[in-house]
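Asker: Sharing a structure, written as structure tokens. Questions coming.
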Amino acid sequence: MTVPGIEDLAADIAAADRTVAFTGAGVSTGSGIPDFRSEGGIWDEHDREALSIGRFRAAPASFWVNWLALHEEMLDDADPNPAHEALADLERRGQLDAVVTQNVDGLHSRAGSERVVHLHGAGQTAVCQGCDHAEPVAEAGDRLAPESPPRCPDCGSVCKPDTVLFGEALPSDAVREARTLVETTDILLVVGSSLTVEPAASLPERALAWDATLAIVNREETRYADRAAHAFRDDATEVVPAIAAAVDET
């Protein structure tokens with residue numbers, strides 16, 4: 001794919017000491033996972049209140065029924081796409097230091113990215129609320145029974161998907177790590193994020209404050225478009241592999 005400006009961004013990445021990617025739902029739409037807020041998105045099809053922390057606490061069994069339906073519909077058959085694979089390839093070549101993601105689908109890790117900061121948790125994993133036991137969501141879901149949520153095989157406490165639900169704060173350790181990364185990077189590559197959901201949306205502001213170069217790949221224009229040194233309003237599954245290929249040729 002030939003996109004004007006790709007070579008300039010590739011040259012910047014090749015010359016940088018540190019590059020960090022920040023990804024949102026738009027990086028996974030190419031894997032068949034709808035985004036959340038657009039027409040026809042996830043929240044058009046699923047009741048967000050049914051997937052809130054309040055619902056989990058009040059009626060964990062029915063919460064799990066809804067969560068497993070979402071998981072089966074959106075995540076079970078999804079595979080990493082060329083954008084995920086290109087970011088993993090950049091990391092393997094030492095040209096990308098980390099991926100900070102708003103996504104809970106786990107596709108960056110499955111593509112081979114090793115340093116992934118999950119701001120909203122990981123939807124493929126369930127964690128016990130009473131101890132440190134963790135397991136795949138599907139295994140926990142197998143223990144769901146009428147009026148009885150999945151319980152930990154070690155201590156008997158209720159298990160919860162390891163993702164940030166409505167009404168929950170983002171994990172403080174992930175937020176700290178993300179902020180440290182963007183405040184020390186030379187280039188922040190934003191892929192597939194509308195940059196509207198806080199506090200993640202403020203990460204580009206932090207990067208710019210530290211004189212980082214901002215690059216954005218997103219189909220829709222974002223509020224940072226006029227402050228980005230590089231902006232591409234194209235499909236991430238085409239643009240990100242083109243960036244990786246151009247960096248390799250630089």
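The values are calculated or read from the model by the stated rules, or taken from the named source; none is laboratory data. Everything quoted here is computed from the prediction, not taken from an experiment. Backbone-built Cβ (ideal geometry, glycine too); neighbour counts: all protein chains shown.
Asker: Please specify each residue of region 113-128 satisfying the condition of being part of a loop (DSSP other than H, G, I, E, B) and surrounded by 17 or more Cβ atoms within 10 Å (Cβ to Cβ).
Answerer: Listed by number, the residues that qualify are SER113, LEU119, HIS120.
Asker: What are the residues in region 77-103 that are buried (at least 16 other Cβ atoms within 10 Å of the Cβ) and acidic (Asp, Glu), if any?
Answerer: Hits for region 77-103 are GLU85, ASP89, GLU91, ASP97.
Asker: Here's something else I'd like to know. Got a sec? Which of ALA212, ALA229 is crowded, with 21+ Cβ neighbours inside 10 Å, more than 19 Å from the chain's Cα centre (by Cα), aliphatic (A, V, I, L, M) and farther than 25 Å from LEU51 by Cα?
Answerer: ALA212
Asker: Hey, another quick one. Can you go through THR184, THR180 and tell me which one is of a type in the set (S, T, N, Q), at pLDDT 95 or above, more than 19 Å from GLY30 (Cα to Cα) and over 19 Å from the mean Cα position of the chain (by Cα)?
Answerer: From the options THR184, THR180, the qualifying one is THR184.
Asker: Every residue in region 137-175 that is touching a Cys at 6+ places or on another chain (Cβ under 7 Å), closer than 10 Å to ALA126 by Cβ and either among the charged types (D, E, K, R) or in a strand (DSSP E or B) (or both), please.
Answerer: Scanning region 137-175 gives a single hit, CYS159.
Asker: Go through the residues of region 65-76 one by one and say whether even a single one is within 25 Å of ALA242 (Cβ to Cβ) and either buried (at least 19 other Cβ atoms within 10 Å of the Cβ) or touching a residue at least 12 places away in the same chain (Cβ under 8 Å) (or both).
Answerer: No; the residues of region 65-76 include none that is within 25 Å of ALA242 (Cβ to Cβ) and either buried (at least 19 other Cβ atoms within 10 Å of the Cβ) or touching a residue at least 12 places away in the same chain (Cβ under 8 Å) (or both).
Asker: Further, regarding this structure: Look through region 136-161, keep the residues that are buried (at least 18 other Cβ atoms within 10 Å of the Cβ) and charged (D, E, K, R), and return whichever of them is nearest to ALA200 (Cα to Cα).
Answerer: Per the criteria, the residue is LYS160.
Asker: If you scan region 84-123, which residues turn out to be among the β-branched types (Val, Ile, Thr) and over 19 Å from PRO204 (Cβ atoms)?
Answerer: The one that is among the β-branched types (Val, Ile, Thr) and over 19 Å from PRO204 (Cβ atoms): VAL104.
Asker: Only one of (1) surrounded by 19 or more Cβ atoms within 10 Å (Cβ to Cβ); (2) more than 30 Å from VAL65 (Cβ to Cβ); (3) among the charged types (D, E, K, R) fails for GLU238. Which number is that?
Answerer: Among (1) surrounded by 19 or more Cβ atoms within 10 Å (Cβ to Cβ); (2) more than 30 Å from VAL65 (Cβ to Cβ); (3) among the charged types (D, E, K, R), the lone unmet condition for GLU238 is (1).
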